[in-house]
Amino acid sequence: MSILQIPYREGRDGFWGEQTSTLNWCEEDYNITYYCAELVNTLTNLMFMWLGVKGLRNVLEFKHSPIFILAYVGYLVVGLGSMAFHATLKYEMQLADELPMIYTVFIMCYATFSYKRSPRTQLLIASIMVGLGIFITVYYLYAKNPVFHQVAFALITATTIFRGFYVMEYQLRPQLRERNPTACSRIMREMWTLALVSIITFVGGFFIWNMDNIFCRHLTTAKNQLKLPWSIVLEGHGWWHILTGLGAYEMILWRIWLVRCLGGEEEKFMLDWRPWRSIPQVVPRTHKGATKSS
C-alpha cells in the first residue's frame with residue numbers, strides 16, 4: 001500500500017503569490033501542485049459545472065420559465081467564481097465567488113415572490129431585490145466581513161424556501177384537490193420530498209464545512225498520515241461544494257416543478273427522480289429519457 005501513498009509537497013509557495021483573500025480553508029496551500037492553491041477545493045466545483053449545464057439544457061429543451069435560465073447561469077457563475085477563488089486565494093476572486101451567491105439566490109427569491117403578479121408588482125419586487133443586492137454588495141465591500149455575507153445568504157435562502165412552503169400548502173394543494181384530487185397526494189409528497197432532500201443535502205454540506213473548520217488541525221495530521229490520494233476524502237470544504245452544488249440544483253428543480261404544477265401542467269410534465277439515487281429533472285411525460293413514470 002505504501003506505493004499508493006504519495007506524500008504532500010513540502011513547499012508552500014505557489015504560482016499565484018501571496019494570499020489576499022480574507023478567508024482560507026483547511027486544505028493546505030499549494031501542497032498538491034504549484035499552480036493551484038487548493039486543488040481539491042477547486043476541482044470539486046466541477047459539480048456546479050456539470051449540474052449547471054444539465055439544468056440550463058433542460059430549461060431550454062423543455063421550455064421552462066425563462067427566469068430559470070438566469071438561475072442556472074448564476075449557478076454556473078458561482079461555480080466558476082469558486083474555482084477561481086480556491087485556485088488563487090485572491091480577494092478579487094473571493095468576491096467573484098461570494099457575490100454571485102447573493103445574486104443567484106435573489107433571482108430565485110424574485111421567481112418565488114413575483115409568480116402570477118401584475119407587471120407593476122413584479123417591477124416593484126425586482127426593484128426591492130436589486131436595491132437589497134446593491135446594499136449587501138456595498139456594505140460587504142466596505143466591511144469585508146465574511147460572517148455578514150454568510151448571514152445575508154442564509155436569510156435570503158431561508159426566506160425563499162419558507163415562501164415556497166407557503167405556496168405549496170396554501171396555493172397549490174387547494175388547486176390540486178379541486179382539479180386533480182386523485183394525483184394531489186402523490187404530487188405533494190413528491191414535492192415535499194424534493195424540498196426536504198435538497199435542504200438536508202445543503203445542511204449536510206454546511207455541517208461538514210464547519211467540522212472541517214473546527215477540527216482542521218486534527219484533520220491535517222490525519223491527511224499527512226494517510227497521504228495522497230486517500231487523504232482527499234478528508235477535505236471537508238470540498239464535500240461542501242459537492243453537497244451544496246447538488247442541494248442548490250435540487251432547490252431550483254423544486255421551484256420549476258412547483259411552477260409547472262401551479263400552471264396546471266402536472267398531467268403534461270413529471271418529476272423524473274428517484275430520491276438519493278438519481279439527479280432530478282422536470283420533463284414531459286412523453287420524454288424518452290425518463291427513469292420512472294408517475
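The values are calculated or read from the model by the stated rules, or taken from the named source; none is laboratory data. Keep in mind it's a predicted model, so treat the numbers as computed, not measured. We place every Cβ from the backbone using ideal geometry, glycine too, and count neighbours over all the protein chains shown. These area figures cover heavy atoms from the full protein model, side chains too; ligands, DNA and RNA do not enter into them. Shrake-Rupley method; radii C 1.70, N 1.55, O 1.52, S 1.80 Å.
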Taking the criterion of being exposed (fewer than 13 other Cβ atoms within 10 Å of the Cβ) and over 19 Å from I232 (Cβ atoms), would at least one residue in the range 47-58 satisfy it? yes
Screening Y103, Y110, Y30, Y34 for residues that are of a type outside the set (A, V, I, L, M), without any contact (Cβ under 8 Å) to a residue 60 or more places away in the chain and at positive phi leaves only Y30
With the first residue restricted to the range 2-21 and required to be farther than 15 Å from H86 by Cα, and the second required to be surrounded by fewer than 10 Cβ atoms within 10 Å (Cβ to Cβ) and at pLDDT 85 or above, Cβ contacts under 8 Å at 6 or more apart or on different chains are none
Across the range 1-45, the tally of residues that are under 27 Å from the mean Cα position of the chain (by Cα), of a type in the set (F, W, Y) and either surrounded by fewer than 14 Cβ atoms within 10 Å (Cβ to Cβ) or at pLDDT below 90 (or both) stands at 1
Yes or no: the range 178-192 includes at least one residue that is within 19 Å of G263 (Cβ to Cβ), open to solvent by less than 70 Å² (accessible area, probe 1.4 Å) and in contact with a strand residue (DSSP E or B) (Cβ under 7 Å, 6 or more places away or on another chain).
yes
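Rundown of residues vs (1) crowded, with 17+ Cβ neighbours inside 10 Å; (2) touching a Ser or Thr at 6+ places or on another chain (Cβ under 8 Å), yes/no style:
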residue: E250; (1), (2): yes, yes
residue: W257; (1), (2): yes, no
residue: R260; (1), (2): yes, no
residue: F269; (1), (2): yes, no
residue: Q281; (1), (2): yes, no
residue: T286; (1), (2): no, no
Checked the range 64-93 for anything surrounded by fewer than 22 Cβ atoms within 10 Å (Cβ to Cβ) and among the hydroxyl-bearing types (S, T, Y); matches are S65, Y91
- Message: Against the condition open to solvent by 40 Å² or more (accessible area, probe 1.4 Å) and among the aromatic types (F, W, Y), how does W209 come out, does it pass?
- Response: no
